[in-house]
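Below is one structure; the comments refer to it alone.
The values are calculated or read from the model by the stated rules, or taken from the named source; none is laboratory data. Please read all numbers here as calculations on a predicted model, not as lab measurements. For neighbour counting, all protein chains shown are included, and Cβ atoms are generated from backbone atoms with ideal geometry for every residue, glycine included. Ligands, DNA and RNA are stripped out before the accessible areas are found, and what is left, the full protein with its side chains, is counted by its heavy atoms. Shrake-Rupley method; radii C 1.70, N 1.55, O 1.52, S 1.80 Å.
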Amino acid sequence: IAKARGESVVLVTPASFIPDNYSEASFLNRTLDYSEHTLPVELWGSVSGVLAAMAIHREIIRDVAKEAIKQGDQVRLVDFASQVTTGRDNFHDVCHLTDRASQILAELIVDTAIEAGAKAHGPYALK
């Protein structure tokens with residue numbers, strides 16, 4: 001759809017963080033390096049399963065971006081997962097970002113979209 005409309009696409013790798021000392025008990029006791037301990041990893045599966053799934057998800061997004069760019073499509077990649085630091089400053093839990101990290105991500109996306117020549121109109125106009 002974007003290609004047909006002559007628009008750019010920004011893909012973003014999802015960030016996640018599971019402390020090395022993670023356990024459901026330590027999560028419930030709020031002793032991990034998360035800001036709010038919002039949702040436990042087990043909501044999505046086992047620690048190893050979630051780690052593997054997130055790694056695959058990021059790899060697929062990077063591969064899709066690389067292939068699209070190779071074909072000349074107007075695709076940009078924000079590899080947020082490789083840029084964000086782990087810990088309570090940026091994560092409420094395994095995958096939910098703090099306001100600080102959300103602001104960083106938003107700025108990266110907007111800057112990338114502007115570099116790609118994105119223009120928006122009305123109340124959503126970019127810088």
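Could you tell me whether the stretch 53-70 includes any residue that is in contact (Cβ under 8 Å) with a residue 12 or more places away in the chain and in a loop (DSSP other than H, G, I, E, B)? Looking for residues that are in contact (Cβ under 8 Å) with a residue 12 or more places away in the chain and in a loop (DSSP other than H, G, I, E, B), one finds none in the stretch 53-70, hence no.
I'd like to verify a number: residues in the stretch 61-107 that are open to solvent by 60 Å² or more (accessible area, probe 1.4 Å) and either of a type outside the set (S, T, N, Q) or in contact with a Cys (Cβ under 7 Å, 6 or more places away or on another chain) (or both), how many? So that I can check it myself, show each step before the final result.
Quick first cut of the stretch 61-107, residues open to solvent by 60 Å² or more (accessible area, probe 1.4 Å) only: 62-64, 66-67, 69-71, 74, 76-77, 82-83, 85-86, 88-89, 96, 99-100, 103-104, 107.
Narrowing further to those that are either of a type outside the set (S, T, N, Q) or in contact with a Cys (Cβ under 7 Å, 6 or more places away or on another chain) (or both): 62-64, 66-67, 69-70, 76-77, 88-89, 96, 99-100, 104, 107.
Going through the stretch 61-107 one residue at a time, the tally reaches 16.
Take the residues of the stretch 24-52 that are in a loop (DSSP other than H, G, I, E, B) and open to solvent by less than 50 Å² (accessible area, probe 1.4 Å): which is farthest from N90 (Cα to Cα)? Steps first, please.
Keep residues of the stretch 24-52 that are in a loop (DSSP other than H, G, I, E, B), which gives 29-40, 44-46.
Checking the rest, the ones that are also open to solvent by less than 50 Å² (accessible area, probe 1.4 Å) come to 32, 34-35, 37, 40, 45.
Working: L32: 13, Y34: 8, S35: 8, H37: 12, P40: 16, G45: 22 Å.
Filtering the stretch 24-52 for residues that are in a loop (DSSP other than H, G, I, E, B) and open to solvent by less than 50 Å² (accessible area, probe 1.4 Å), the one farthest from N90 (Cα to Cα) comes out as G45.
Would you say S82 is in a loop (DSSP other than H, G, I, E, B), small (G, A, S) and touching a residue at least 24 places away in the same chain (Cβ under 8 Å)? First the steps, then the outcome.
Working: in a loop (DSSP other than H, G, I, E, B): no; small (G, A, S): yes; touching a residue at least 24 places away in the same chain (Cβ under 8 Å): yes.
Considered against the rule, which asks whether it is in a loop (DSSP other than H, G, I, E, B), small (G, A, S) and touching a residue at least 24 places away in the same chain (Cβ under 8 Å), S82 comes out as no.
Could you please let me know if A106 is more than 20 Å from I1 (Cβ to Cβ), assigned to a helix (DSSP H, G or I) and touching a Pro at 6+ places or on another chain (Cβ under 8 Å)? Criteria not met by A106.
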